[in-house]
1. Leaving out ligands, DNA and RNA, what percent of the accessible area of the stretch 1-46 is carbon and sulfur, probe 1.4 Å?
2. Please compute the net charge surrounding GLY178, taking Lys and Arg as +1 and Asp and Glu as -1 over other residues with Cβ under 9 Å from its Cβ.
3. Do any trypsin sites (Lys or Arg not before Pro) in the stretch 142-199 lie in a loop, going by DSSP, with at most 10 other beta-carbon atoms within 10 Å of their beta carbon, and if so which?
4. Could you state the accessible area per residue of the stretch 265-344 in Å², with a 1.4 Å probe and every protein chain left in place?
5. Assuming R0 = 45 Å, can you tell me the calculated FRET efficiency for the pair ARG118 and SER228, based on Cβ-Cβ distance, to the nearest 0.05?
6. Running Debye on the stretch 24-92 with equal point scatterers at the Cα sites and no solvent, what base-10 log of I(q)/I(0) appears at q = 0.26 Å⁻¹?
7. Does anyone have the angle between helix 331-349 and the longest principal axis of the chain? Alpha-carbon axes, 0 to 90°, nearest 10?
8. What is the packing order of peptides 97-104, 331-338, taking the mean over residues of other C-beta atoms within 10 Å and listing the highest first?
Amino acid sequence: MVIGAGQAGLAASFHLRRRGIDHVVLDADDAPGGAWQHRWDSLSMHDVHGVADLPDSTAPTTDDPHARANVVVPAYFADYERRHDLPVVRPVRVDRVEPDPEPGSDLLVVHAGDRTWRTRTLVNATGTWTRPFVPHYPGQESFAGRQLHTVDFPGPEHFTGQRVLVVGGGASAVQFLGELAPVTDTLWVTRRPPVWRTGDFDPGAGLAAVTLVEERVRAGLPPASVVSVTGLMLRPQEQRAAELGAYERHPMFERIEPHGVRWADGHFEPVDVILWATGFRPAVTHLAPLDLTSEHGGIQLLPVRGNVQGATTAARDRRVQLVGYGPSASTIGASRAGRQAALAVQRCLDSTPAERP
Ligand code: FAD
C-alpha cells in the first residue's frame, strides 16, 4: 500500500509495479497533482526551476515564464498515472494506520472513514502541504486583523489598501512581497537575516543540505527543509517591490497585539494582516498509532541493508517506508526515494518478521 500520489507516491508506485508487487495508492485529493494543484496561481514553472523527472519519463519544460505550476505539474502527473496505469484510488484520506489487533497477525490496518485496508507493508508519501506550520507568539489570539498561511494565499488583489506583515525568510515570502508591495503597504520580518544569491543555484549547497537532513533523520531528529537552502533571488517582477523597499527586512517582533506587533524595545507597527510564510511539517499524524517517533522527536529512518544510499525505512517498524520525507522532500529526492522504498518493500516481503532487514 502507498499513501499519497504526489511525486514521491507515484515514483514508489512505478517501482513497485516494475517489481511486480501488487499494491494500491490511496490519495486524499480529488484529482492528480499532489500538492502542486493547490499552490497559488502566480507560482510559475520558472519560479520552481521545473520539477524532477518521474521514473521513466521526462518532466515538462516550458519557455513560457508565466506557465502556472499548479496547471503544468498536475497535467504531467495525470498523464503519468494514465500511461503507467498506476492503481491510484481517490479521494481517500487515510485517518490512521495501526498494527492489526488480530492475534498473530503481522499486518497493518489502514483506516479511511468507514473503509479499511489490510497490508503487509506501507509506503507513506503524504508530503507536507496539509500541515502548514505557524509559530506561536504571545498575544496571537488577540489579533483583531486577519492571519493566514502560505496555503491560503489568495492573490495580492485581496489585500489592497491593507497593511500586510509577511513573516518568513523563504522563497514564498519573497514572492508574496513582490506581488503585494505594488498594491499595498508591506512589512517583512524574518528570524534570521535572509541569504541572497546573486548567481546560479549552487548544486554543492543543495547536496550539503540533503546530507545534513539525511544525517538528522538517521539519528531520529525532526527533519529540516532541504528546499530552503537554495538562497533567495529577486526576479525581474520583484524589482518594483525592491524599489519600494519591501525587502528591507526587520527582525522578529516579540508579541502580537490586537492591531499590530511589538518588538522587545517597545517599538510598535500597526498591521491589518499577518501572512505566515513559515513553512510546513511532515503530514504524518495518521501514523501516530504505529509509534514511529524516536526519543529525539523525529521518525528515525534507516537505509536498506547493503545499500548505503537514501534512508526510507522506519527504524521502529520496518514494514513502513517514508518517501518525500526529510532528505527526500524535494522533487528530485522524492523520485529517487521511490526506488529505494520499493527495494525495501521487496526485502520486507521476502523476509519473515524475525529476519526483517
Ligand atoms: P505532495 O505533492 O504533497 O503529495 C502528497 C499527496 O499525499 C497528496 O496528493 C495528498 O492528497 C496525499 N495525502 C496527504 N495526506 C494524506 C492522507 N492522510 N491520506 C491520503 N492521502 C494523503 N521541491 C523542489 O524540488 N523544488 C521546488 O522549487 C519546490 N518548491 C516548493 C514550494 C512549496 C511551497 C512547497 C510546500 C514545496 C516545494 N518543494 C519543492 C517540495 C516538493 O514540492 C515536494 O517535496 C515534492 O514534490 C514531493 O512531494 P510529495 O510527493 O512528497 O508530496
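The values are calculated or read from the model by the stated rules, or taken from the named source; none is laboratory data. As the structure is a computational prediction, the values presented were derived from the model and not from experiment. Neighbour counts are summed over all protein chains in view; Cβ atoms, including those assigned to glycine, are modelled from backbone coordinates with ideal geometry. The accessibility values were calculated without ligands, DNA or RNA, using every heavy atom of the protein model including side chains. Shrake-Rupley method; radii C 1.70, N 1.55, O 1.52, S 1.80 Å.
1. 44
2. 0
3. none
4. That works out to 40 Å² per residue.
5. Step by step, r from the Cβ atoms, then E = 0.75.
6. Those come out to -1.18, one per q.
7. So the helix axis and the longest Cα principal axis differ by about 20 degrees.
8. 331-338, 97-104
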